[in-house]
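S.K.: This is the structure I want to talk about, given as structure tokens.
The values are calculated or read from the model by the stated rules, or taken from the named source; none is laboratory data. Not measured: the values here are computed from a predicted model. Note that we place each Cβ from the backbone using ideal geometry, even for glycine, and neighbour counts take in every protein chain shown. Note: accessible area is taken over every heavy atom of the protein model, side chains too, but ligands, DNA and RNA are not part of it. Shrake-Rupley method; radii C 1.70, N 1.55, O 1.52, S 1.80 Å.
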Amino acid sequence: MKVFSNGVAAGFALVAALAVPAAAQNSTGCDPTANTRGDIAKAQFSMTRAISASEKGNPTRDLQDVLKIVDAGTDNPTARNYLRGEAYIIYLMQPNAAAVVPRSALGLTTNPTATIDLYAGADSAFTIVEKAAPECAGVISQWRQQKPWLNALNGAINALNAGQLDSAEMLAKRALILDRRAPYAYSVLGSVAQNRKNWAAANDYWKQTLAAAGTDTVYADVRTKTMYEIASAASDRADAATGAAKRAAAREAIKPWQDYIAVASNDLLLADAVDNVSRMYIDAGDSASAAAVYAPMLANPSKYGELSLVHAGVVATRSGHHADAIKLFDAALAQNPVSRDAINNLAATYIQNNEYSKAFPLINKLVALDPSNPDNPLLYAFAYQGLYKGTKDKKLQKIYTDSLIYFNSKSENATVKLGVNEFTRRPNETLLAGTIENRGKTSKTYSLTVEFLDKSGNVVATETASVGPVAPKATGAFKIKSATGGVYGYRYKPLT
């Protein structure tokens, strides 16, 4: 028997569009309509025509013929229910098909005004076949995951993204009627419950998501996504609590974050996880254990991405473990030598660790990349302040004092400040966004020229933007988008 193929993609989108129906070979020994005669054979012939018509035209008449025949007898219930389930699914695949229809719409003349829920009807029919012929489970699974299931699931996801929680819940539950083995609908229901702050229900649905996903690599993305949601929800509960309850909730949130970090592959989300679990340690009153957050990264930094290494380094810095922070920032720079955040944090950590000679080359590099940010000259000032405190040589103290004053004044008297609040890098595009603050006394329009860099610091794209006019003591926003992907960093021409 011919069945339709479908496509499912795990991850945040969860489900892909239905593929064009195509033949699937039955290699399981399952064929409930094999060697049938009489009216069932006629129904099988009509089903073959309906499948053909569904690809090129309207199969309704043939489907009605199938349903009239299978509804008229009780012999061979396995074959009859297999054909009935197929007919309901193909009917639901038609444009604008309703989920619940009167029997008359299916060509059934007995009790014509009574209604049939086609999702529930298909499920009941297929369940009979699955129990009677276990060898048909694979074929039935393909029918269950056809376009009606995909439409319900995609509709649930779209409704969830639009904040339409009631619709998302209804459609996800409809998808579960047809297929309770895939994890996607449970994930949607977990998110619906989370949005309603029904934590007990959310956790129950997420547990079902993980159980359905199992260890199947097809579901790896939805499994890690769900683990992230479980941990994130635990942090939300801790954030909402106070006093002893907050400490207890924070302690409970640590394990879910650790579990997620152990399997995470998305560098951006892993960086967020590092921030969250370190915060939970602090809220739990156990800041001394924060080093456990980054211990695996310190042991094997090449396994992790640039962003997660930088965030881990920040955790180490806040914990007072400067040597660990230096190793983590160094590892991030090994992956991306033009990472502004890694350069900035490593320079600051060297200063805190009294390694000023190592800080200066990094500050030079930082200023070359980010020349109109008054925060950068302050790093020079802090370094010279440290050098001043570390010597009793009066001549050197004078030099260091003059340098400190010069760079502090350079920061305080800057007439413009550029700040970046988004740097999104994708394989096929790059986005840089931020603000320009006019610290001067007159309104000004700024000409911003940004150069996007590869790993070696070579320019791979140049984009410009006009920002302003910006009033004195005000800010103007910019957003620069480049069609060039694979970018590692950026620099810009000094603003005047």
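S.K.: Working only within the stretch 59-84, note down all residues that are in contact (Cβ under 8 Å) with a residue 40 or more places away in the chain and not in a helix (DSSP H, G or I).
M.R.: Once the filter is applied, which keeps residues that are in contact (Cβ under 8 Å) with a residue 40 or more places away in the chain and not in a helix (DSSP H, G or I), the stretch 59-84 yields only Asn76.
S.K.: While we're on this one: Looking at the stretch 352-369, which of its residues are touching a residue at least 40 places away in the same chain (Cβ under 8 Å) and either exposed (fewer than 14 other Cβ atoms within 10 Å of the Cβ) or out of contact with any Lys or Arg (no Cβ under 6 Å at 6 or more places or on another chain) (or both)?
M.R.: Residue satisfying the conditions is Ala368 alone.
S.K.: Please find, within the stretch 78-98, the residue that is farthest from Trp149 (Cα to Cα) out of those that are buried (at least 16 other Cβ atoms within 10 Å of the Cβ) and aliphatic (A, V, I, L, M).
M.R.: Ala79
S.K.: Filter the stretch 78-121 down to residues that are among the β-branched types (Val, Ile, Thr) and over 22 Å from Gly155 (Cα atoms), then give me how many there are.
M.R.: 5
Let's see how each residue does on (1) over 26 Å from the mean Cα position of the chain (by Cα); (2) surrounded by 14 or more Cβ atoms within 10 Å (Cβ to Cβ):
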{"site": "Ser411", "(1), (2)": "yes, yes"}
{"site": "Leu418", "(1), (2)": "yes, yes"}
{"site": "Phe423", "(1), (2)": "no, yes"}
{"site": "Leu432", "(1), (2)": "no, yes"}
{"site": "Thr445", "(1), (2)": "yes, no"}
{"site": "Gly457", "(1), (2)": "yes, yes"}
{"site": "Ala461", "(1), (2)": "yes, yes"}
{"site": "Ala465", "(1), (2)": "yes, yes"}
{"site": "Pro469", "(1), (2)": "yes, no"}
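S.K.: Given the criteria in contact with a Gly (Cβ under 7 Å, 6 or more places away or on another chain), polar (S, T, N, Q) and not in a helix (DSSP H, G or I), does Asn354 qualify?
M.R.: Yes.
S.K.: Let me ask something else. Within the stretch 39-58, count every residue that is of a type outside the set (Gly, Ala, Ser), closer than 17 Å to Asp71 by Cα and without any contact (Cβ under 8 Å) to a residue 12 or more places away in the chain.
M.R.: The qualifying residues number 1.
S.K.: Testing Asn203 on (1) open to solvent by less than 50 Å² (accessible area, probe 1.4 Å); (2) in a loop (DSSP other than H, G, I, E, B); (3) closer than 30 Å to Ala292 by Cβ; (4) not aromatic (Phe, Trp, Tyr), one condition comes back false. Which one is that?
M.R.: Result: Asn203 fails condition (2) only.
S.K.: Out of the stretch 290-313, which residues are within 25 Å of Ala248 (Cα to Cα) and open to solvent by less than 40 Å² (accessible area, probe 1.4 Å)?
M.R.: Ala290, Ala291, Val293, Tyr294, Ala312
S.K.: Among Gln397, Gln385, which is the only one that is buried (at least 16 other Cβ atoms within 10 Å of the Cβ) and in contact with a helix residue (DSSP H, G or I) (Cβ under 8 Å, 6 or more places away or on another chain)?
M.R.: Gln385
S.K.: Go through Lys246, Lys225, Lys197 for me and flag whichever is over 23 Å from Ala162 (Cβ atoms) and touching a helix residue (DSSP H, G or I) at 6+ places or on another chain (Cβ under 9 Å).
M.R.: Every option except Lys246 fails the conditions.
S.K.: Further question on the same structure: Hey, can you tell me all the residues within the stretch 428-457 that are assigned to a loop (DSSP other than H, G, I, E, B) and of a type in the set (Val, Ile, Thr)?
M.R.: The one that is assigned to a loop (DSSP other than H, G, I, E, B) and of a type in the set (Val, Ile, Thr): Thr442.
S.K.: Can you pull out the residues in the stretch 135-151 that are under 23 Å from the mean Cα position of the chain (by Cα) and surrounded by fewer than 24 Cβ atoms within 10 Å (Cβ to Cβ)?
M.R.: Correct list: Leu150, Asn151.
S.K.: Which of the residues belonging to the stretch 160-191 are within 18 Å of Asn96 (Cα to Cα) and free of Cβ contacts under 8 Å to residues at least 60 places away in the same chain?
M.R.: Result: Ser167, Met170, Leu171, Ala175.
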